[in-house]
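The values are calculated or read from the model by the stated rules, or taken from the named source; none is laboratory data. Bear in mind that the values here come from a model prediction, so they are computed numbers and not experimental data. Please note: Cβ atoms are built from the backbone with ideal geometry, for glycine as well, and neighbour counts cover all protein chains shown.
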Amino acid sequence: NAGVTQTPKFRILKIGQSMTLQCAQDMNHNYMYWYRQDPGMGLKLIYYSVGAGITDKGEVPNGYNVSRSTTEDFPLRLELAAPSQTSVYFCASTGAYEQYFGPGTRLTVT
Amino acid sequence: TQLLEQSPQFLSIQEGENLTVYCNSSSVFSSLQWYRQEPGEGPVLLVTVVTGGEVKKLKRLTFQFGDARKDSSLHITAAQPGDTGLYLCAGTRTIGSNYKLTFGKGTLLTVNP
């Protein structure tokens, strides 16, 4: 199993550009999550999904969108990038109790 | 308001010392998890504690869940440089039919050789 994979690992965007952060898991987990991690701020939940076709907002959803057309994939979309979205983004999926995290995408918006 | 408070925020110690980090809340959790995160990587689960008063040991690491299931501690004996990392606690709650995990801000541990 590859676990949770994320692409790209790094990206630099200009203000106003858009991009999609990809996330895939091969563990057949229903629950998937997107977090952002800012220095000294822990992990904040952006969006989550309890299964294909079902998504819901987390703590900090503004400026982001998600879709969940399959169990495996959970992409995160930034439509109009802003400097406040500079962060490290982690995707995760949940088994019985544990969350399995991807390696992260480091995004800089300038 | 932070639902889960971790302390201390930073900890720098010498190899061989013991340490304890804390995770406190005013809320009750179904379970509590501890993760370690190394620079440039995602968090990795260390342990899940489920029962109030539960104690789990993982080699030199001892995890305890408070009797009221509101707090937890992580004790490391004879710390080694390989223990360096960000330690995150996370509490789980079931709200309706949804499972939610809330993270603390973490304790950044540095173990100096």
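Key figures
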read-out: B:Gln2 in a strand (DSSP E or B) and either at pLDDT 90 or above or surrounded by fewer than 16 Cβ atoms within 10 Å (Cβ to Cβ) (or both); value: no
read-out: Breaking point among (1) part of a strand (DSSP E or B); (2) within 14 Å of chain A (Cβ to nearest Cβ); (3) under 14 Å from the mean Cα position of the chain (by Cα); (4) in contact (Cβ under 8 Å) with a residue 12 or more places away in the chain, for B:Lys105; value: (1)
read-out: Some residue of the range A:82-104 being away from chain B (no Cβ under 13 Å), in contact with a Gly (Cβ under 7 Å, 6 or more places away or on another chain) and assigned to a helix (DSSP H, G or I); value: yes
read-out: Residue in the range B:93-113 that is modelled with the lowest pLDDT, counting only those that are polar (S, T, N, Q) and surrounded by 17 or more Cβ atoms within 10 Å (Cβ to Cβ); value: B:Thr102
read-out: Residues satisfying the stated conditions in the range A:56-102, i.e. within 24 Å of B:Ala90 (Cα to Cα), in contact (Cβ under 8 Å) with a residue 60 or more places away in the chain and under 11 Å from the mean Cα position of the chain (by Cα); value: A:Tyr89, A:Phe90, A:Cys91, A:Ala92, A:Ser93, A:Phe101, A:Gly102
read-out: Residue within the range B:17-27 that is among the polar types (S, T, N, Q) and in a strand (DSSP E or B) present; value: yes
read-out: Any chance B:Gly52 is surrounded by 12 or more Cβ atoms within 10 Å (Cβ to Cβ), in a loop (DSSP other than H, G, I, E, B) and at pLDDT 90 or above; value: yes
